[in-house]
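The values are calculated or read from the model by the stated rules, or taken from the named source; none is laboratory data. Being a predicted model, the structure only gives us computed values, none of them experimental. Quick reminder, even Gly has a Cβ in these numbers, built from the backbone with ideal geometry, and neighbours come from all protein chains shown. For accessibility, only protein heavy atoms count, side chains too; no ligands or nucleic acids. Shrake-Rupley method; radii C 1.70, N 1.55, O 1.52, S 1.80 Å.
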Amino acid sequence: MRILVLGSGAREHAIVNSLLSERAGHEITAAPGNAGIAAVVPVIALDPTRAEVVTEYALDNDIELVVIGPEAPLVAGVADALRQRGIAVFGPGKAAAALEGSKTFAKRIMDAAGVPTGKATRAGTLEEALEALDEYGAPYVVKADGLAAGKGVLVTADRDAAATHARFWLQHGAVLVEEFLAGQEVSLFLVSDGHTVVPLSPAQDYKRVFDGDEGPNTGGMGAYSPLPWLPEGFVDEVVETIAVPTIRQLASERTPFIGLLYCGLIITKRGVRVIEFNARFGDPETQVVLPRLVTPLSGLLFAAATGELASQPKPEFSSEVAVTVVLASEGYPEEPITGRAIFGLDAVRDVSIAHAATAIIDGQYIATGGRVLSVVATGRTFAEARLRVYSALDQIALEGGHYRTDIALQVAE
């Protein structure tokens, strides 16, 4: 199959690696990709948010399936343009992608579908935000209403910090002030063709930048899968009470969701609640879910893109566990320092490296962003996978680079 993967991060590298592992002879191209992706498949310097450019390339190169990795092309309507020209695409159209692009839209859909979630107030002014902060009380939860590259959420006991966060994001639109929900967080990916919903294996990611869940929120500093502590029947419950009602509600509004529904969940004393929806594979959870997937990924994605998901067998996963740890640039997430050389990648063993923000300049890998790469390992136990990940990180050098040392620690003890 001729496949085009849009995006340039570790998530897209993990998708490409999963497709390549099928050994099915797929012709895969990534746009724009990164240095790590370019080492395994051809890449093209193409802006993935420009619908007309993506569509023209897909038509000129007889692309049979487009896989949209990041959220920006989805919210820009790239999937709509591709479908209008008869190209199979894994990723929701602009209207359905608002599930991620607008927190207000997502809350409305959840309310209409009867999906359990926390209470929230939309604020368009600072005065409204401050009033909502006082209504809900500490800990305060403030979220940017639109896309924010994983940096729009603040959870704090400091009212002044919450007000400052709200003031900043109000410059870009509205904010949501939400009630604080306490409990274990879970990420669950669900593949949908607009009608049928198929769950993948749950994962847990780590949003805070430092060990012990300290410091500001990030796009994600690590993850592991599966989750041995989940109660029996958890996935079925999420499918029945959250995913299916959401997909049906979107379909009833003539905005079918075709692609990957990311459910960010929390298990509270009152039951499972939705923290957020995303409209694409999550990063870094993709890096630990796909390496465990035994079922060919291409079949799942193409079946979803063509409305044939109901005919697919239930996805199978390896009994092995997976752990990933993100290496970040100095200063991430506030002001990452880029342009520094990365050493030691050729020396690592027993792991895979999913590049996120890398380039090659004069033959040397260079960090070009905040989250630079994900080190991924599988193993029979979490202790074994952690040992492989952190042994590899010991071999990799990036001046000022940092990473968490407690990823999957609680399940390895």
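Consider segment 106-119 and keep the residues that are among the small types (G, A, S) and assigned to a helix (DSSP H, G or I). The one that is modelled with the lowest pLDDT is A106.
Residue by residue through segment 23-44, note down the ones that are assigned to a loop (DSSP other than H, G, I, E, B) and in contact with a strand residue (DSSP E or B) (Cβ under 7 Å, 6 or more places away or on another chain). Spell out how you get there, then give the answer.
Step one: filter segment 23-44 for residues assigned to a loop (DSSP other than H, G, I, E, B), giving 23-26, 33-34, 39-42, 44.
Selection gives H26, G33, N34, V41, P42, I44.
Residues in segment 311-349 that are farther than 27 Å from A385 by Cβ, among the small types (G, A, S) and in a loop (DSSP other than H, G, I, E, B) were compared, and the one that is least open to solvent (accessible area, probe 1.4 Å) is G331.
Take segment 359-373 and flag every residue that is more than 17 Å from R404 (Cα to Cα) and open to solvent by less than 10 Å² (accessible area, probe 1.4 Å).
We begin by selecting, within segment 359-373, every residue more than 17 Å from R404 (Cα to Cα); these are 359-369.
Selection gives A367 alone.
Working only within segment 242-279, note down all residues that are hydroxyl-bearing (S, T, Y) and surrounded by fewer than 18 Cβ atoms within 10 Å (Cβ to Cβ).
Of everything in segment 242-279, those that are hydroxyl-bearing (S, T, Y) and surrounded by fewer than 18 Cβ atoms within 10 Å (Cβ to Cβ) turn out to be S252, T268.
Considering (1) modelled with pLDDT of 95 or more; (2) over 19 Å from the mean Cα position of the chain (by Cα); (3) open to solvent by 10 Å² or more (accessible area, probe 1.4 Å), the lone condition that R122 does not fulfil carries the number (1).
Confirm whether G36 is at pLDDT 95 or above, more than 16 Å from G259 (Cβ to Cβ), touching a helix residue (DSSP H, G or I) at 6+ places or on another chain (Cβ under 6 Å) and surrounded by 22 or more Cβ atoms within 10 Å (Cβ to Cβ). Taking the combined requirement at face value, the residue satisfies it. Residues that are in contact with a Gly (Cβ under 6 Å, 6 or more places away or on another chain), open to solvent by less than 40 Å² (accessible area, probe 1.4 Å) and touching a residue at least 40 places away in the same chain (Cβ under 8 Å) do not occur anywhere in segment 157-168.
For segment 377-396, filtering for residues that are loosely packed, with under 15 Cβ neighbours inside 10 Å and free of Cβ contacts under 8 Å to residues at least 60 places away in the same chain leaves 1.
Looking at segment 207-219 only, could you name the residues that are outside any strand (DSSP E or B), crowded, with 18+ Cβ neighbours inside 10 Å and touching a Ser or Thr at 6+ places or on another chain (Cβ under 9 Å)?
Start the filter on segment 207-219 by keeping residues that are outside any strand (DSSP E or B), which leaves 207, 211-213, 218-219.
From what's left, crowded, with 18+ Cβ neighbours inside 10 Å: 207, 218-219.
The answer is K207, and nothing else.
For segment 245-256, enumerate the residues that are within 20 Å of the chain's Cα centre (by Cα) and of a type in the set (A, V, I, L, M). Answer for segment 245-256, where residues must be within 20 Å of the chain's Cα centre (by Cα) and of a type in the set (A, V, I, L, M): just I247. Checking each residue in segment 56-97 for being without any contact (Cβ under 8 Å) to a residue 60 or more places away in the chain, open to solvent by 10 Å² or more (accessible area, probe 1.4 Å) and part of a helix (DSSP H, G or I) picks out E56, Y57, L59, D60, D80, A81, R83, Q84, K94. Close Cβ contacts (under 7 Å, 6 or more residues apart or on different chains) running from residues in segment 236-258 that are touching a residue at least 40 places away in the same chain (Cβ under 8 Å) and within 19 Å of L200 (Cβ to Cβ) to residues that are open to solvent by less than 10 Å² (accessible area, probe 1.4 Å) and aromatic (F, W, Y) comprise I247/F257. The sole residue among V141, V191 that is farther than 27 Å from A123 by Cα, touching a strand residue (DSSP E or B) at 6+ places or on another chain (Cβ under 6 Å), crowded, with 18+ Cβ neighbours inside 10 Å and touching a residue at least 12 places away in the same chain (Cβ under 8 Å) is V191.
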